[in-house]
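These notes concern the structure reproduced below.
The values are calculated or read from the model by the stated rules, or taken from the named source; none is laboratory data. All figures in this text were calculated on a predicted structure; none of them were measured in a lab. Virtual Cβ from ideal backbone geometry, glycine too; neighbours counted across all protein chains shown. We work out accessible area using only protein heavy atoms, side chains counted, and drop any ligands, DNA or RNA first. Shrake-Rupley method; radii C 1.70, N 1.55, O 1.52, S 1.80 Å.
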Amino acid sequence: MTSGLAHWGGAPVRDAEGPLLLGYRAFCLRNENRYVQYARARSLEPVRAGAVVESVLQALVEQWPRIIRSDRPASEAWEMLVSRVAAAAREARRAGSGCGRDTVHHALSGQEADVVLLRYRLSLSASQTADLMGLEVPQVMVSLRKGMSALLALA
């Protein structure tokens, strides 16, 4: 984690131990940079993108025992990230402080927009996209086809 703000039972996560916490730390190490890249691609400035991702990781650690027992922990984390990034992007637009425009999410909605953005703006493979979003590869491929078809229809 970049700033080590998340806490587990009062101790900073980077200093704590235990199998659940080690799983959380591995999850963060694996996903944090791509979460920040996603937030940046959604038109957030670097500092704001990092802060939003840090808030997601903090919320995740507080709910980690429940999340890790769910069928799709990555999906729960992704939904939280998308929600917070979207709120921050709306706030940045209102304040006139965003960097660029997220044209993909302007043209598409939901999962299709995220899949197209991850595949073509962040250059993730279908497998990497599925892993990050907590989906199966066939779901990613269907969303990618739908998203690309919708974009072509707008052209």
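Computed values, structure above
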{"read-out": "Filter pass, V104 being over 17 Å from D131 (Cα atoms), under 14 Å from the mean Cα position of the chain (by Cα) and assigned to a helix (DSSP H, G or I)", "value": "no"}
{"read-out": "Residue that is nearest to the chain's Cα centre (by Cα) [pool: residues in the range 37-60 that are surrounded by 19 or more Cβ atoms within 10 Å (Cβ to Cβ) and hydroxyl-bearing (S, T, Y)]", "value": "Y38"}
{"read-out": "Criterion violated by P138 - all others in (1) under 22 Å from P73 (Cβ atoms); (2) under 14 Å from the mean Cα position of the chain (by Cα) satisfied", "value": "(2)"}
{"read-out": "Candidate set: the range 22-31, residues that are of a type outside the set (F, W, Y) and open to solvent by 10 Å² or more (accessible area, probe 1.4 Å); chosen: the one farthest from A88 (Cα to Cα)", "value": "L22"}
{"read-out": "Given (1) touching a residue at least 24 places away in the same chain (Cβ under 8 Å); (2) within 30 Å of G18 (Cβ to Cβ), index of the condition S43 fails", "value": "(2)"}
{"read-out": "Single residue of L118, L135 found to be part of a loop (DSSP other than H, G, I, E, B) and either touching a Ser or Thr at 6+ places or on another chain (Cβ under 6 Å) or at pLDDT 95 or above (or both)", "value": "L135"}
{"read-out": "The one condition in (1) at pLDDT below 90; (2) out of contact with any strand residue (DSSP E or B) (no Cβ under 8 Å at 6 or more places or on another chain); (3) farther than 17 Å from M80 by Cβ that A16 fails to fulfil", "value": "(2)"}
{"read-out": "The range 84-99 - residue that is open to solvent by 50 Å² or more (accessible area, probe 1.4 Å) and assigned to a helix (DSSP H, G or I) and, of those, farthest from R48 (Cα to Cα)", "value": "R94"}
{"read-out": "Residue match in the range 61-83 (condition: crowded, with 20+ Cβ neighbours inside 10 Å, at pLDDT 90 or above and in contact with a Pro (Cβ under 8 Å, 6 or more places away or on another chain))", "value": "yes"}
